[in-house]
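Novice: Structure incoming, see below.
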Amino acid sequence: MADRLAIAEEMIARYNAQDADGYVALMTEDAAEASYRGAVLRDGREGVRAGLNAMFAEFPKNRADILKGYTLGEYAVLHEKVSRSPDAEPFEVMSIYSFEGDKCSRVEFVR
């Protein structure tokens, strides 16, 4: 079984490096990012890549710091503190990563 927490943490490392290609390489082809129990924000690997690249262009100093991580079965959960820029007020989010094998199939954000 893949170490889902390590994969989620690696996704955040690639996110912080603004490496959209590296981030989506850890996802299934049909992966999605969505609000928790809500609307899909980015659909498919290409949709996630395009959305991240747009966000990185808008917020070049964006970063997420992991406060705590958990795993349970096919899921990893990260408590994150996100800053869009050094001057912006940071916010906290719980990100729920669902997996199919060693690839992330969905990330849902609780904010």
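Novice: Could you check T71 against (1) out of contact with any helix residue (DSSP H, G or I) (no Cβ under 7 Å at 6 or more places or on another chain); (2) not in a loop (DSSP other than H, G, I, E, B) and say which number it fails?
Specialist: Looking at each condition in turn, T71 falls short on (1).
Novice: Also: Out of A6, A2, report the one residue that is out of contact with any Asp or Glu (no Cβ under 9 Å at 6 or more places or on another chain) and either modelled with pLDDT of 95 or more or not charged (D, E, K, R) (or both).
Specialist: A6
Novice: Cβ-Cβ distance below 6 Å, separation of 6 or more or different chains: which pairs start in region 91-102 with a residue that is assigned to a strand (DSSP E or B) and end on one that is surrounded by fewer than 15 Cβ atoms within 10 Å (Cβ to Cβ)?
Specialist: What qualifies is E92/K81; V93/R111; M94/V110; F99/E74.
Novice: Restricting attention to region 58-111, report how many residues are under 21 Å from D19 (Cβ atoms) and aliphatic (A, V, I, L, M). Please lay out each step first, then the result.
Specialist: Filtering region 58-111 for residues under 21 Å from D19 (Cβ atoms) gives 58-66, 69, 76, 78, 80-86, 93, 95, 97, 99, 102-107, 109.
Next, from what is left, pick out any that are aliphatic (A, V, I, L, M): 64, 66, 76, 78, 82, 93, 107.
Adding up the residues that qualify gives 7.
Novice: Limited to region 31-62, what total is found for residues that are in a loop (DSSP other than H, G, I, E, B) and surrounded by fewer than 16 Cβ atoms within 10 Å (Cβ to Cβ)?
Specialist: 7
The values are calculated or read from the model by the stated rules, or taken from the named source; none is laboratory data. Just so you know, these numbers come straight off a predicted model, no measurement behind them. Please note: Cβ atoms are built from the backbone with ideal geometry, for glycine as well, and neighbour counts cover all protein chains shown.
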